[in-house]
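Inspection log for the structure reproduced underneath, given as structure tokens.
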């Protein structure tokens, strides 16, 4: 075996090791997105389980607010369906509807002093608000993971390996314009 053959084998081995390291990095990025989504999914499930308790508690006091309660129930169902299907786009829309419904529900609760004083309502309001804040944090982490993944599969030479092994871009969790806009607090208090 001549010097030229050894040089060629070393180059081939170096390229192979480099390709394997790129592949492994892309696998880590893909699983990072999955892990970030799982974190959101767990929180959405927890909130999903708490909402019927909140609706039940509110129904005892807010008999004239059935439309608001129904909107929350419908939005909850849409969030659940999007979550179960892994449809990030539909989830963003449904989340916007749910958050708007919950905002109105909590604002209307101010008109019901007995409800506001109810220990169960206070607990559920705090629990759901805490979950909302945690979901927002996890959503940010998810979108960052998606961004790192999507950039990683487009960079050269990683794009070659990404295309060879069918790595795909992940979808950002985006929300409607209504959710991004400032909340009109006065409108929340109108029935």
Can you find a residue that is in contact with a helix residue (DSSP H, G or I) (Cβ under 6 Å, 6 or more places away or on another chain), modelled with pLDDT under 90, within 30 Å of residue 21 (Cβ to Cβ) and surrounded by 14 or more Cβ atoms within 10 Å (Cβ to Cβ) anywhere in region 152-175? yes
Exactly one of these conditions fails for residue 128: (1) within 20 Å of residue 70 (Cα to Cα); (2) loosely packed, with under 14 Cβ neighbours inside 10 Å; (3) modelled with pLDDT of 90 or more. Give me its number. (2)
Give the number of residues within region 75-97 that are under 13 Å from the mean Cα position of the chain (by Cα) and either in contact (Cβ under 8 Å) with a residue 24 or more places away in the chain or within 19 Å of residue 134 (Cβ to Cβ) (or both). 13
Can you report the number of residues in region 26-75 which are assigned to a helix (DSSP H, G or I) and touching a helix residue (DSSP H, G or I) at 6+ places or on another chain (Cβ under 7 Å)? 30
Answer yes or no: is there a residue in region 101-120 that is surrounded by fewer than 19 Cβ atoms within 10 Å (Cβ to Cβ), touching a residue at least 60 places away in the same chain (Cβ under 8 Å) and within 17 Å of the chain's Cα centre (by Cα). no
Answer yes if at least one residue in region 105-126 is closer than 30 Å to residue 31 by Cβ and in a helix (DSSP H, G or I), and no otherwise. no
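The values are calculated or read from the model by the stated rules, or taken from the named source; none is laboratory data. All of these numbers come straight from a predicted model, not from anything done at the bench. Every residue, glycine as well, gets a Cβ built from its backbone with ideal geometry; the counts of neighbours run over all protein chains shown.
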